[in-house]
Amino acid sequence: MKIYPVILSGGAGTRLWPLSRAVLPKQLLALVSGQTMLQETALRLTDWPELMAPIVVCGHEHRFLVAEQMRAIGVAPLGILLEPAGRNTAPAVAAAAHYLAAIDPEAVMLVLPADHVIEHNAAFAAAVRRAATMVEEGALATFGIVPTGPETGYGYIHRGAAVDGVDGAEGCYSVDRFVEKPDRATAQEFLRDGGYYWNSGMFLFRAERFLGELARFAPQIASATEAAVRLGYRDLDFCRLHEDSFNACPSDSIDYAVMERTERAVVVPADIGWSDVGSWAALWEVQPHDPDGNSARGDVYLDGVANSLVRAESRIVAVIGVQDLIVVETPDAVLVVHKDQVQRVKQVVE
């Protein structure tokens, strides 16, 4: 089985304002290590013998940054597909599927957002291999993250019956339903139940199988993206999707367009040290802390501070006598927010 990673590098990352902006979104920033999140995602895949060169899907305005970041780590993508406009994940994945199916009709796609953290790569590889056994049976697999707490910032997947009679698929389940982000009380119930997983937004399936299900449930997306790829053209390192065709495509997520509607969906539980780094509080959680629980970067002075993230980009930032704060300084904006209120940061941008 040849598995082609498809790295989704669209989106503006507005929840990490003011550091993440439309012109330089979080996936193109070095937030967790010395590498950008896109680079970390690509490097995570380099030691797997069954993986082919990746495809990256991004907005046309980020094309040179994406290409340069890939060159800097020695990764040569099979293709960099340029979206003329953002249309959510279903069209992005569909375009990559059409592109791949023309190259390899048996291609299997490993769909990965560019801006996630996975701390336990060996465990992730094992989960992908379990999912591959289900893909051989015609399934569309999604990875459900084993929850570590009553998280309200993620959607959930409720598992159905355990898969039976497929060698190597132990611990895989049919999907009972996808659940929107719950309130805290509901999230606590999910945690006690034990049958709910965080929706990771990562998938494994054959390109042709996904396109078949897409044609059943979202034919407009299927036809528009087919035309966008067929009428697209090469431009240096890039494949430019046909603008009019892609812009005519409805905007929808892969969950809504296909995964919630197909009877072929299976969930593969994954305990892999995962985070989507979807807020400043989430970034604080995945970074190293000092003995007082602080994560600091830049020219920062802390006195009597606990459990806080402080980041200075262009000047000295002094923080005294507070706890549970996010303080982010950039040359043109400063953010100060309590960790419990970070979901409201997006409102500032909008």
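The values are calculated or read from the model by the stated rules, or taken from the named source; none is laboratory data. Keep in mind that what you see is a predicted model, and the values were worked out from it rather than measured. Counting neighbours? That spans all protein chains shown, and the Cβs are built from the backbone with ideal geometry, glycine included.
Got a number for residues in the range 142-168 being free of Cβ contacts under 8 Å to residues at least 60 places away in the same chain, within 24 Å of V108 (Cβ to Cβ) and in a loop (DSSP other than H, G, I, E, B)? So the count comes out to 5.
Yes or no, residue by residue, for (1) closer than 23 Å to L65 by Cα; (2) part of a strand (DSSP E or B); (3) modelled with pLDDT of 95 or more:
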| site | (1), (2), (3) |
| --- | --- |
| A90 | no, no, yes |
| V93 | yes, no, yes |
| V111 | yes, yes, yes |
| A123 | no, no, yes |
| V128 | no, no, yes |
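Selection of the range 326-345 for residues being surrounded by fewer than 16 Cβ atoms within 10 Å (Cβ to Cβ), outside any strand (DSSP E or B) and in contact (Cβ under 8 Å) with a residue 60 or more places away in the chain yields only D332. Cβ-Cβ contacts under 6 Å between residues 6 or more apart (or on different chains), taken from a first residue in the range 205-220 that is on the phi < 0 side of the Ramachandran plot to a second residue that is among the hydroxyl-bearing types (S, T, Y), are listed as E213/T262. Looking only at residues in the range 297-309 that are surrounded by 21 or more Cβ atoms within 10 Å (Cβ to Cβ) and not hydroxyl-bearing (S, T, Y), which one is farthest from N199 (Cα to Cα)? Residue satisfying both the conditions and the ranking: V305.
Being of a type in the set (G, A, S) and farther than 23 Å from A94 by Cα holds for only one residue in G34, G59, G79, and it is G34. The single condition among (1) in contact with a Ser or Thr (Cβ under 7 Å, 6 or more places away or on another chain); (2) in a strand (DSSP E or B) that R311 does not meet is (1). Output yes when any residue across the range 137-154 is in contact with a Cys (Cβ under 8 Å, 6 or more places away or on another chain) and on the phi < 0 side of the Ramachandran plot, and no when none is. Yes, that holds for at least one residue. Applying a threshold of 6 Å to beta carbon distances and a minimum spacing of six or more residues, or different chains, the list of pairs starting in the range 60-82 at a residue that is among the small types (G, A, S) and ending at one that is at pLDDT below 95 reads A67/D237. The set of residues in the range 233-273 being within 21 Å of the chain's Cα centre (by Cα), part of a strand (DSSP E or B) and surrounded by fewer than 22 Cβ atoms within 10 Å (Cβ to Cβ) consists of P269 alone.
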